[in-house]
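Report on the structure given below.
Computed from the coordinates by the stated procedures, all read-outs in this text should not be read as laboratory data. Keep in mind the model is a prediction, meaning the values are calculated, not measured. We place every Cβ from the backbone using ideal geometry, glycine too, and count neighbours over all the protein chains shown.
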Amino acid sequence: MLSPNAPGFRFLGERVRHAGFFFQLTTGTFLDPNGYTFEREIVRHPGAVCVVALEGDPVSILMVRQYRGALDRSILEIPAGKLDIPDEPVELAAERELAEEVGRRAERISKLGSFLNSPGFTDELTTCFLAEGLLPIERDAHGIEEEFMAVVPVPLFDFWRMVRNGEIVDAKTIIAVTLAERVLSDRAAR
């Protein structure tokens with residue numbers, strides 16, 4: 001079994017195949033433990049944040065119904081966005097996305113954890129946050145999709161039924177809500 005640092009594998013370099021608005025497609029060249037070179041296509045991504053925004057009684061998750069061009073349909077997901085402002089701390093990016101997408105400011109925002117979206121082909125890392133004590137502010141939509149998105153409060157007690165029924169299929173949303181529920185459960189146990 002290989003260690004997390006994969007001894008014997010070595011990154012030799014990469015060439016950019018496409019440089020888009022917020023990601024690059026590269027071809028990486030590697031050396032395996034037996035001395036053979038091989039290539040892999042890699043999507044280089046600046047990273048992203050997502051926010052589980054809780055409000056109300058009973059508690060609801062503020063979600064957005066947003067058109068996704070890759071799917072040619074709208075999906076229900078939590079507020080999220082890429083790290084597209086150089087050197088912006090992830091906490092500030094999460095606060096910015098919360099304001100842009102659902103028009104809220106959080107009295108408390110806490111990091112839940114991070115995950116690699118699909119490490120078989122991309123280096124994208126998403127950092128999840130929990131936002132509580134929400135205060136309404138003016139929405140600051142950026143981009144065509146955000147301009148037409150709808151804010152949808154989803155009761156926390158109904159979330160997993162919606163996942164089972166295929167109404168919620170977004171991986172970052174499912175992962176982040178799982179992390180948030182763990183934090184809330186740990187708090188309640190204290």
Hey, can you tell me all the residues within the range 37-59 that are loosely packed, with under 12 Cβ neighbours inside 10 Å and touching a Phe, Trp or Tyr at 6+ places or on another chain (Cβ under 9 Å)? Thr37, Phe38, Pro58
Of the residues in the range 65-95, how many are among the aliphatic types (A, V, I, L, M) and without any contact (Cβ under 8 Å) to a residue 60 or more places away in the chain? 8
Condition (residue is within 16 Å of Val52 (Cβ to Cβ), of a type outside the set (Gly, Ala, Ser), surrounded by 15 or more Cβ atoms within 10 Å (Cβ to Cβ) and more than 15 Å from the chain's Cα centre (by Cα)) applied to the range 76-88: is it met by at least one residue? no
Out of all the residues in the range 78-95, which are over 19 Å from Glu138 (Cα atoms) and assigned to a loop (DSSP other than H, G, I, E, B)? Leu83, Asp84, Ile85, Pro86, Asp87, Glu88, Pro89
What number of residues within the range 27-36 satisfy the criterion of being exposed (fewer than 15 other Cβ atoms within 10 Å of the Cβ) and among the hydrophobic types (A, V, I, L, M, F, W, C)? 1
